[in-house]
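A short write-up of the structure that comes next.
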Amino acid sequence: MKLFWQIANIASVIFALVLNFLTGAQILNLPAINEVSGTYATLLTQAGYAFSIWSLVYILLVVFAVYQARDIFKPHKDNDLPLTMGPLFVIANVCNGLWTYIFVQELIGLSVVVLLLLTTSLYLLLYRLKIAVYDAPLKVIALSWWPLLIYTGWVTVATVVNIASWFDSIGITISPLIASSVLSILAAVLLALLITRNVRELLLASAWGIAAIGVAQVEGNQAVMITAFGVSGILFAAILVHGYMNRAASPLK
C-alpha cells in the first residue's frame with residue numbers, strides 16, 4: 001500500500017502541473033485565467049504578480065513528492081509519510097488541476113467547491129502529519145513542512161478570493177466594509193493558527209497574497225487597500241516576533 005501511495009502522490013503532482021500548463025498556455029482553446037479573473041474581479045482580487053508564487057509552490061511540490069518517494073526502490077521502515085498522508089495529498093493535487101480548468105470555463109460556483117475541498121485536504125494533512133508542532137530535523141522541515149505550509153497558506157487566501165468572485169458572478173457585490181471585515185477576520189484566524197500551530201511559513205504565503213490585494217487597490221478603494229496592507233504588515237510582524245520567541249527551537253541550532 002505504501003508503494004501505491006508513493007506512486008499516486010507523484011502522479012497527482014504531474015496531473016496538476018500538466019493540466020495547469022495546458023490551461024495556462026491555452027492549448028485547450030480556453031480563455032486565459034486572468035481574463036476570467038478580471039471578469040469577476042472584486043475588491044478582494046489580487047494584483048497579477050501575486051500568482052507568480054505558483055512557480056515556487058510547484059517546485060516545492062515536486063521536491064516533496066520526490067522526498068516522500070525516496071525509498072520507492074528500496075523501502076525503509078522509517079518512511080511512513082506516504083501511509084500517514086493517505087489520499088489527502090492526491091485529493092489536493094487533483095483538485096488543484098481541476099480548479100484551473102473549471103474556473104476558466106466560468107463555472108465559478110463549482111470552482112469554489114473544488115477549491116474548498118483542496119484547502120480542507122491540505123489542512124487535514126497539516127493536522128495528520130503534525131506539521132510544526134514538534135521539533136523535527138531540518139531535512140524534514142525543508143522537504144516536508146515548507147512545501148505543504150506554503151501551499152496551504154497561498155490556497156487559503158485564494159479560496160477567499162474565489163468565494164468573492166463567486167458572489168460577484170451571482171450578482172452580489174462585495175462592499176468595502178465587507179471586504180475589510182473579511183480580511184480582518186482572516187488575519188485573526190491566521191494569527192490563531194500561528195499561536196496554536198507555529199505555522200510561520202503558512203502565514204508568510206498568506207501575507208503575500210493579502211498584500212497583493214492591497215496593491216490591486218492602490219488606485220481603487222483606499223479603505224480596502226489600507227486594510228490589506230495593514231493586515232499583511234501585522235502578519236509579517238507576527239512571523240518575526242514568533243520566530244524570535246522560538247529561536248531556541250530552531251533546527252539550525
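The values are calculated or read from the model by the stated rules, or taken from the named source; none is laboratory data. Keep in mind it's a predicted model, so treat the numbers as computed, not measured. Using ideal geometry, Cβ is built from the backbone for each residue, glycine included, and neighbour counts are taken over all protein chains shown. Ligands, DNA and RNA are excluded from the accessible area calculation, which covers all protein heavy atoms including side chains. Shrake-Rupley method; radii C 1.70, N 1.55, O 1.52, S 1.80 Å.
Structure above, values below:
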{"quantity": "Residue that is surrounded by the most Cβ atoms within 10 Å (Cβ to Cβ) [pool: residues in the range 86-123 that are within 13 Å of the chain's Cα centre (by Cα) and aliphatic (A, V, I, L, M)]", "calculated": "A92"}
{"quantity": "Of all residues making up the range 148-191, the number that are of a type in the set (S, T, N, Q), outside any helix (DSSP H, G or I) and at pLDDT below 95", "calculated": "1"}
{"quantity": "Any hit, the range 140-147, residues being in a helix (DSSP H, G or I), open to solvent by less than 70 Å² (accessible area, probe 1.4 Å), touching an Asp or Glu at 6+ places or on another chain (Cβ under 8 Å) and within 21 Å of V63 (Cα to Cα)", "calculated": "yes"}
{"quantity": "Members of the range 49-75 that are within 21 Å of L138 (Cβ to Cβ) and open to solvent by 60 Å² or more (accessible area, probe 1.4 Å)", "calculated": "L56, I59, V62, V66, R70"}
{"quantity": "Residue in the range 76-85 that is open to solvent by 30 Å² or more (accessible area, probe 1.4 Å), part of a helix (DSSP H, G or I), without any contact (Cβ under 8 Å) to a residue 24 or more places away in the chain and over 23 Å from I150 (Cα atoms) present", "calculated": "no"}
{"quantity": "Residue match in the range 11-33 (condition: in contact (Cβ under 8 Å) with a residue 60 or more places away in the chain, closer than 28 Å to I178 by Cα, assigned to a helix (DSSP H, G or I) and open to solvent by 30 Å² or more (accessible area, probe 1.4 Å))", "calculated": "yes"}
{"quantity": "Residue list for the range 195-223, filter: in a helix (DSSP H, G or I) and open to solvent by 10 Å² or more (accessible area, probe 1.4 Å)", "calculated": "I195, T196, R197, R200, E201, L204, W208, A211, V215, A216, Q222, A223"}
{"quantity": "Cβ-Cβ under 6 Å pairs, at least 6 apart or on other chains, the range 196-217 side hydroxyl-bearing (S, T, Y), far side open to solvent by less than 40 Å² (accessible area, probe 1.4 Å)", "calculated": "S206/G153; S206/T156; S206/V157; S206/L190"}
{"quantity": "Lone unmet requirement of (1) at pLDDT 95 or above; (2) open to solvent by 50 Å² or more (accessible area, probe 1.4 Å); (3) within 24 Å of Y127 (Cα to Cα) for I226", "calculated": "(3)"}
